[in-house]
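Below is one structure, written out as structure tokens; comments come after it.
The values are calculated or read from the model by the stated rules, or taken from the named source; none is laboratory data. Because the structure is a prediction, the values reported are computed rather than measured. No Cβ is skipped: glycine too gets one built from the backbone with ideal geometry, and neighbour counts run over all protein chains shown.
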Amino acid sequence: MAKKCVRAIFPGSFDPITNGHLDVIDRGMKIFDELIIAIGRSPVKNQLFTPEERVEMIAELIRERQMTGISVESFDGLTVEYAAKKKADVILRGLRSLTDVQYEFQLAMTNRAVAGIETVFIMTSEQYGFTSSTLIREVASLSGPPKAGRIPAGVAGLSNLIPNSIYERLKQHLKK
Ligand code: ADP
């Protein structure tokens, strides 16, 4: 019997993409043949990067890390409609903690009820259990712009939580 090619979408805001997201993507690629990182265009609170910038940054990361079978796109509207359009077999979501489970459980049940699509959950590594794009945006906005060319200590600390090229983009962004 021919092996089925499994295509997954990984929807989220990815504002910005973190090492936690990347960990889930790397683990996901042990299961899936194809993965589309799908950036929802619905406005996020305190947006840091535009959806276009996020697509560009992630595309650069995919090229840099030579990640095969992975692509990135942005989409409008319902995730399940986008999944159907892309002929995705499953939706991938990452889990950090029990707090994530409650919300993700409801979301997965709703998506299955309305569109019959399954969600696959992948637990992140312990070291990324506290990493969230929302908190990264907060640190970046509360730290403010560089003073006398110096990157605020809080922002410098983010280099442990996000990929290097994303950290460089963040520093450029804060200088604007
Ligand atoms: P966030 O919830 O951090 O604002 P997203 O909306 O981009 O990020 O999340 C997309 C998906 O990635 C969700 O399933 C979310 O639970 C998951 N995710 C986010 N951060 C992590 C992490 N550190 N480890 C594992 N999964 C994560």
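Taking the numbered list (1) farther than 24 Å from ILE117 by Cα; (2) more than 12 Å from the chain's Cα centre (by Cα); (3) polar (S, T, N, Q); (4) modelled with pLDDT of 95 or more in turn, THR79 passes all entries but (1).
Yes or no, residue by residue, for (1) under 27 Å from ARG169 (Cα atoms); (2) within 11 Å of the ligand (Cβ to nearest atom); (3) of a type in the set (D, E, K, R):
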site	(1), (2), (3)
VAL24	yes, yes, no
PRO43	yes, no, no
PRO51	yes, no, no
MET67	yes, no, no
TYR82	no, no, no
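Does the range 11-29 contain at least one residue that is free of Cβ contacts under 8 Å to residues at least 60 places away in the same chain, over 29 Å from SER141 (Cα atoms) and either surrounded by 20 or more Cβ atoms within 10 Å (Cβ to Cβ) or touching a strand residue (DSSP E or B) at 6+ places or on another chain (Cβ under 7 Å) (or both)? Yes, the range 11-29 contains a residue that is free of Cβ contacts under 8 Å to residues at least 60 places away in the same chain, over 29 Å from SER141 (Cα atoms) and either surrounded by 20 or more Cβ atoms within 10 Å (Cβ to Cβ) or touching a strand residue (DSSP E or B) at 6+ places or on another chain (Cβ under 7 Å) (or both).
Pairs are defined by a Cβ separation below 9 Å, a sequence spacing of at least 6 or placement on different chains, a first member in the range 66-95 that is surrounded by 13 or more Cβ atoms within 10 Å (Cβ to Cβ), and a second member that is part of a helix (DSSP H, G or I) and of a type in the set (Phe, Trp, Tyr); the pairs so defined are GLU73/TYR82; PHE75/TYR82; ALA88/TYR82; GLY94/TYR128.
Any residue in the range 159-169 that is away from the ligand (no atom under 13 Å from the Cβ) and touching a residue at least 12 places away in the same chain (Cβ under 8 Å)? Checked the range 159-169: at least one residue is away from the ligand (no atom under 13 Å from the Cβ) and touching a residue at least 12 places away in the same chain (Cβ under 8 Å).
Summed over the range 114-158, the residues that are at pLDDT below 95, over 18 Å from ILE25 (Cβ atoms) and surrounded by 14 or more Cβ atoms within 10 Å (Cβ to Cβ) give a count of 9.
Condition test on THR131, is it hydroxyl-bearing (Ser, Thr, Tyr) and within 29 Å of GLY157 (Cβ to Cβ)? Spelling it out, THR131 is indeed hydroxyl-bearing (Ser, Thr, Tyr) and within 29 Å of GLY157 (Cβ to Cβ). For the condition modelled with pLDDT of 95 or more and either over 16 Å from the mean Cα position of the chain (by Cα) or away from the ligand (no atom under 13 Å from the Cβ) (or both), THR110 qualifies.
The set of residues in the range 54-65 that are surrounded by 13 or more Cβ atoms within 10 Å (Cβ to Cβ), touching a residue at least 60 places away in the same chain (Cβ under 8 Å) and among the acidic types (Asp, Glu) contains only GLU60.
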